[in-house]
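Heads up, the thing below is written out as structure tokens.
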Amino acid sequence: MKPNKIYIRNLKKTDWSITSSAMHIFTNSRSQKTIDELWFTEHNSIFTTGLLEKNKNIIKKIRNIPIVQCNRGGKITYHGPGQQLVYMLINLKEKKIGIKKFLFLIEKVVIKTLKKFQITAYTIKNSPGIYINKKKFCFIGLRVKNHCSLYGISYNIHTDLSLYKYINPCGNKFIKILNLIDVIPTITMNIFRKQFIKTFLNIFKYQEKYQSSYNVFNKIYQN
């Protein structure tokens, strides 16, 4: 893989629709010289459905929480406070990796990050994501456009897991969900994020990272 630079942005809490629009604007306007970016954020409670969802996995009537369709892969999932989303805006062609290798490396990042906290995690065949003690910790939903990735992963630190009862997460009624705080009571989103970034930079072989105060949503507000 080609070593290069990346922007790391901690956006804190953002609106899902605005973030999704910003991500697509960024991807549509980027050139070969555009630096890759990693966005960390939280969203207010929302259910999102991927391209494979046929609306068969909502098992209870959902009140007061929006359901939106997006153009990522996968089926239905939940996002909300206490859950970290990591949007990966990577030029896969410049990194010289295909989508299968990209997925493998993402899984490797999460597993090795958890290992730093003495947690053994693993994958399950035909069920993208990361599991701990037979429960799902990390969800993966990606899209690739013009050789560039959109969306990424989400993992629960201390979110309200009761909201998953309204759906079959990822289209699987047997999946059980995990909060990392239930395994590591002292963990925080900030602590885990810092280790995740270190592992990500190492595995994807980025030479430098930039912290930036640039408002990634400026273009949306101007339109």
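The values are calculated or read from the model by the stated rules, or taken from the named source; none is laboratory data. Predicted, not measured: the structure shown is a model, and the values here were computed from it. A quick note on method: Cβ atoms are made from the backbone with ideal geometry, for glycine too, and the neighbour counts reach across all protein chains shown.
Looking at residue 175, is it surrounded by 15 or more Cβ atoms within 10 Å (Cβ to Cβ) and assigned to a loop (DSSP other than H, G, I, E, B)? Can you show your working first?
Working: surrounded by 15 or more Cβ atoms within 10 Å (Cβ to Cβ): yes; assigned to a loop (DSSP other than H, G, I, E, B): yes.
The answer is yes for residue 175.
Identify all residues within the range 105-120 that are of a type in the set (S, T, N, Q) and touching a Phe, Trp or Tyr at 6+ places or on another chain (Cβ under 7 Å); write none if there are none. The answer is 113, and nothing else.
Each row is one residue, and each column tells you yes or no for (1) farther than 13 Å from residue 153 by Cβ; (2) of a type outside the set (Ser, Thr, Tyr); (3) touching a strand residue (DSSP E or B) at 6+ places or on another chain (Cβ under 9 Å); (4) at pLDDT below 95.
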site	(1), (2), (3), (4)
100	yes, yes, no, yes
107	no, yes, yes, no
112	yes, yes, no, no
128	no, yes, yes, yes
139	no, yes, yes, yes
142	no, yes, yes, yes
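Considering the range 198-210, the residues that are within 15 Å of residue 4 (Cα to Cα) and not charged (D, E, K, R) include one that is modelled with the lowest pLDDT, namely 210. Pairs meeting the criteria (first residue in the range 23-46 and surrounded by fewer than 17 Cβ atoms within 10 Å (Cβ to Cβ) and modelled with pLDDT of 90 or more, second residue in a loop (DSSP other than H, G, I, E, B) and among the small types (Gly, Ala, Ser), beta carbons under 7 Å, at least 6 apart or on different chains) are 44/80. Evaluate the following for residue 122: is it aromatic (Phe, Trp, Tyr) and exposed (fewer than 14 other Cβ atoms within 10 Å of the Cβ)? So residue 122 passes the test. I'd like the residue in the range 51-84 that is of a type in the set (A, V, I, L, M, F, W, C), part of a loop (DSSP other than H, G, I, E, B) and modelled with pLDDT of 80 or more and, out of all such residues, is farthest from residue 18 (Cα to Cα). The residue in question is 65.
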